[in-house]
Amino acid sequence: MDLNAVRTFVAVADTGQFQKTAADLSLTQQAVSKRIATLEQELGVRLFDRTARGVGLTIDGQAFLPHARALLRAQERAAASVRPGSRALRVDVIGRRVGPAGLLREFHRAHPERELDVVTLFDVDRAIAALQAGTIDVTFRAVTMPGSQLPEGIESVPVFDEALQLCVGPAHPLANASAVTPGQLAGQRIWMPGNAPGTEWAAYYDAFADAFGVTIDTIGPNFGVEALLEAIAASDSLGTFFGERTPLVWPVGQDLRRIPMREPTPVYPHSLLWRTDDPHPTLAALRDYLAAVRPHSPDAPTWVPTWAQHARRDATTGHESPDTP
């Protein structure tokens, strides 16, 4: 159905005159008449009664009018869904509990007028492919490759380094420690069944294990955070890692402990990636917000893998590229 004809029909129904409708739509009266005639022919009914005073809706015209208005509203919603500045910014986060998801919630609280569509893609490779395809606008990821190796048209900037914490149950030998060093974890069994080979987070924890002699067990299946916490709480030997900004809630009886790590503090390097030709205004607002509220790295010595050291140094000293916020 020709929506221009439908729009003309609604306008004539509102004004009751072909001449005024023609003026309102910047058309000739002949063009208005032709559109209405074409619509009537398509529907097989007469929509208006012509009189000396103007036009009035027939019974069929009255029946069609609310549906015509609905068609025009649907057209506007469809156009708005992809109009720059109107559609929601599609943001990918590695998980809805991790630190960047919390930053995104804080951004939305500060800017409730900015619509967001949050998705969770699997790993950085899929996230970059989605950026290139235009199916997402921005992603929060750890980037294991140098910036010069990112695909053309993709930019990244470090967002923040999130300190890791050890999580153990009440019977674990380190349960009462106020803090631990990574070296103290040598020989301890760290269980992380969600560390899928080939992912950026598996690359991070593999580097951590190599650096400090830690054993990280990835044997599954991965039944999710709740099942992991339940197993940790019941064990006197298992531990796992969470970012300090990861919100966790567990039953009182589990009595889990979240223990900071020091000397050095391992930090997970979160970065923001986007396509340089994406004009979405909320993307610019998000980048400005993150630059303004960026959490500080711990004051104590920190550790990141070799592949993250350059980006972290740039973020700390402020030597970002000209395109970064």
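So which residues in segment 45-62 are surrounded by 13 or more Cβ atoms within 10 Å (Cβ to Cβ) and farther than 16 Å from T21 by Cα?
V45, R46, T58, D60, G61
Filter segment 103-120 down to the residues that are among the hydrophobic types (A, V, I, L, M, F, W, C), under 15 Å from L272 (Cβ atoms) and out of contact with any Lys or Arg (no Cβ under 9 Å at 6 or more places or on another chain) and list them by number.
Listed by number, the list holds a single entry, L104.
Considering only residues that are exposed (fewer than 14 other Cβ atoms within 10 Å of the Cβ) and farther than 8 Å from D236 by Cα, which ones fall in segment 166-183?
Result: N176, S178, G183.
When you look at G54, is it out of contact with any Ser or Thr (no Cβ under 6 Å at 6 or more places or on another chain) and at positive phi, yes or no?
Answer is yes for this residue.
Which of the numbered conditions does W274 fail, given that it passes all the others? Conditions: (1) closer than 25 Å to P146 by Cβ; (2) modelled with pLDDT under 95; (3) among the hydrophobic types (A, V, I, L, M, F, W, C).
Looking at each condition in turn, W274 falls short on (2).
Looking for something buried (at least 21 other Cβ atoms within 10 Å of the Cβ) and among the small types (G, A, S) - is there at least one such residue anywhere in segment 216-229?
no
Pick from P266, P281, P251: which is modelled with pLDDT under 90 and either assigned by TED's automatic domain parsing to the domain that holds L174 or within 22 Å of P100 (Cα to Cα) (or both)?
Answer to the check: P251.
Among G239, G187, G220, which is within 30 Å of the chain's Cα centre (by Cα), assigned to a loop (DSSP other than H, G, I, E, B) and not hydroxyl-bearing (S, T, Y)?
G220
Please identify the pairs in which a residue from segment 18-39 that is among the aromatic types (F, W, Y) and modelled with pLDDT of 90 or more has its Cβ atom under 7 Å from the Cβ atom of a residue that is surrounded by 15 or more Cβ atoms within 10 Å (Cβ to Cβ) and not in a loop (DSSP other than H, G, I, E, B), counting only partners at least 6 apart or on another chain.
What qualifies is F18/V12; F18/V32; F18/S33; F18/V55.
Based on what the data block shows, is P193 free of Cβ contacts under 8 Å to residues at least 40 places away in the same chain, assigned by TED's automatic domain parsing to the domain that holds E230 and surrounded by 13 or more Cβ atoms within 10 Å (Cβ to Cβ)?
Answer is yes for this residue.
Out of the residues in segment 1-17 meeting the condition of being touching a residue at least 40 places away in the same chain (Cβ under 8 Å) and β-branched (V, I, T), tell me which one is nearest to Q75 (Cα to Cα).
Across segment 1-17, the extreme among qualifying residues is V6.
Out of curiosity, is A127 closer than 21 Å to N195 by Cα, surrounded by 16 or more Cβ atoms within 10 Å (Cβ to Cβ) and not acidic (D, E)?
Yes, satisfied.
The values are calculated or read from the model by the stated rules, or taken from the named source; none is laboratory data. In this text the structure is predicted, and so the values were computed from the model without any measurement. Cβ: placed from backbone, ideal geometry, glycine included. Neighbour counts: every protein chain shown.
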